[in-house]
1. Please verify whether the range 365-373 includes one or more residues that are part of a strand (DSSP E or B), closer than 17 Å to Ala265 by Cβ and of a type in the set (Gly, Ala, Ser).
2. Considering each of Leu122, Leu75, Leu93, Leu69 in turn, give the residue that is assigned by TED's automatic domain parsing to the domain that holds Ile136 and closer than 22 Å to Gly139 by Cα.
3. For the range 304-346, give me the residue count where each residue is within 21 Å of the chain's Cα centre (by Cα), modelled with pLDDT of 85 or more and surrounded by fewer than 17 Cβ atoms within 10 Å (Cβ to Cβ).
4. Could you tell me whether Ala283 is outside any helix (DSSP H, G or I), within 30 Å of Arg310 (Cα to Cα), at pLDDT below 80 and in contact with a Ser or Thr (Cβ under 9 Å, 6 or more places away or on another chain)?
5. Mind checking which helices (runs of 4 or more DSSP H) fall wholly inside the range 21-76 and carry at least 3 residues that are among the β-branched types (Val, Ile, Thr) and modelled with pLDDT under 80?
6. Determine whether Ala322 is touching a residue at least 40 places away in the same chain (Cβ under 8 Å) and more than 19 Å from Gly356 (Cα to Cα).
7. For the condition in contact (Cβ under 8 Å) with a residue 24 or more places away in the chain, within 30 Å of Asn169 (Cβ to Cβ) and either assigned to a loop (DSSP other than H, G, I, E, B) or hydroxyl-bearing (Ser, Thr, Tyr) (or both), what is the one hit in Ala301, Ala311?
8. Is it the case that Thr251 is in a helix (DSSP H, G or I), modelled with pLDDT under 80, within 24 Å of Leu354 (Cβ to Cβ) and of a type in the set (Ser, Thr, Tyr)?
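The values are calculated or read from the model by the stated rules, or taken from the named source; none is laboratory data. Being a predicted model, the structure only gives us computed values, none of them experimental. Note that each Cβ is placed from the backbone with ideal geometry, even for glycine, and that neighbours are counted across all protein chains shown.
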Amino acid sequence: MSRVMPQWLHPAPDSLLACAVRRGRPAWTEWVHLGWTVWVFIVPAFTPQGYDLQWLVLTAVSWPVFVALYAMAILCPPRQVAWAAAGMCLLSLCLLPWYPSGMSYFVFGCVFFGVLRWRRALHYILLLMALCLFYIVLGRMFGYPWSALAWVLATVLVISPVMLVQRTNERMDAALRLSHDEVRRLAATGERERIGRDLHDLLGHTLSLVALKADLAGRLVGNDPQAAQREIAELGQVARDALAQVRHAVTGIRAASLAAEAATARLLLETDGVSMELDMDDAGVPPPHLETVLALCLREAVTNIHRHARANRVHLRLQRDARHWQLHVEDDGRGGVIRAGNGLDGMGERLRALGGSLRVEPAPRRGTLLVAELPCWDAGAHAPQPVARDASTRPV
């Protein structure tokens with residue numbers, strides 16, 4: 001389909017349409033405003049001439065031109081929007097002596113001037129006032145009634161500032177999301193560098209010792225077999241010690257904090273305009289092996305909400321009774337049929353490996369409720385080991 005479309009219908013990367021799609025809005029949300037041109041076909045009902053031949057000819061000529069200018073405004077880079085807006089206003093002014101329906105073109109042109117990056121909003125308001133004043137003077141010269149011109153003035157001065165504020169907020173939100181992405185990228189880069197340094201410090205000396213003992217054992221194997229066997233035995237012990245150190249380091253890397261995950265979740269959700277209520281102060285902190293599993297469950301639940309729920313509010317609660325830790329994540333999103341995917345499957349397996357459970361069900365009022373539950377092990381007790389999966393089990 002993209003090969004059949006003409007090149008001018010492909011949006012520029014920084015166009016209004018492309019920016020809307022990147023923010024997750026459907027492309028039609030930028031085209032739907034064309035529906036307001038219905039006034040082009042309604043205005044003649046309130047004029048003495050009505051739907052005469054002159055109106056029909058001028059509509060057949062001017063409306064396609066206006067649609068082309070509208071397409072230019074939403075598909076071209078922002079620096080070219082001014083030409084499209086000026087073209088709409090000029091089209092309306094040229095048709096003013098014969099075509100009252102063209103007033104709608106003038107309103108669209110004034111609104112699209114708000115897409116430009118103005119240093120101060122006052123400059124945009126002054127431009128609107130100047131354009132409206134010139135339009136009213138010209139309209140009175142051609143005998144337009146005050147009521148019709150006042151309607152144009154009121155429409156421009158109400159809709160244009162609202163659209164300016166909306167576009168400004170969208171640019172600020174885009175800049176905020178970009179800064180959040182940069183913070184996450186820098187944090188991930190810093191963590192990778194830290195892990196690289198730790199592994200280098202951990203394994204550099206050990207691997208050098210392994211290489212040295214392996215070379216020594218190779219030279220002794222023919223002349224002194226017993227000494228070579230000792231070196232090989234020490235080599236095995238060094239390798240086992242290194243493996244234990246690597247496992248300990250990996251365990252620390254994989255560990256996750258509930259507080260850190262909750263802070264990350266709040267940042268992710270509030271970036272999308274979703275408020276998050278947190279209720280976990282009275283529960284305390286679970287043991288580290290349980291906290292890591294619950295933190296990973298929270299991460300997966302918030303990711304699902306961010307991608308699919310379309311929620312406005314999320315309530316996160318951590319509670320503990322005599323026997324269980326429970327993590328509740330409730331949203332007021334669209335809910336519906338819940339299909340378990342790799343994320344939910346992996347979450348459930350982590351919980352079941354520690355004797356816990358996972359429930360995902362409709363929330364009491366609206367949305368989805370996720371409950372992750374783990375048993376409260378005594379300080380001296382040992383949690384059950386994860387159950388090994390056979391070859392028939394689907395990998396996560």
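1. Looking through the range 365-373, at least one residue is part of a strand (DSSP E or B), closer than 17 Å to Ala265 by Cβ and of a type in the set (Gly, Ala, Ser).
2. Leu93
3. So the answer is 2.
4. no
5. Of the helices (runs of 4 or more DSSP H) lying wholly inside the range 21-76, none has at least 3 residues that are among the β-branched types (Val, Ile, Thr) and modelled with pLDDT under 80.
6. Taking the combined requirement at face value, the residue does not satisfy it.
7. Ala311
8. Yes, satisfied.
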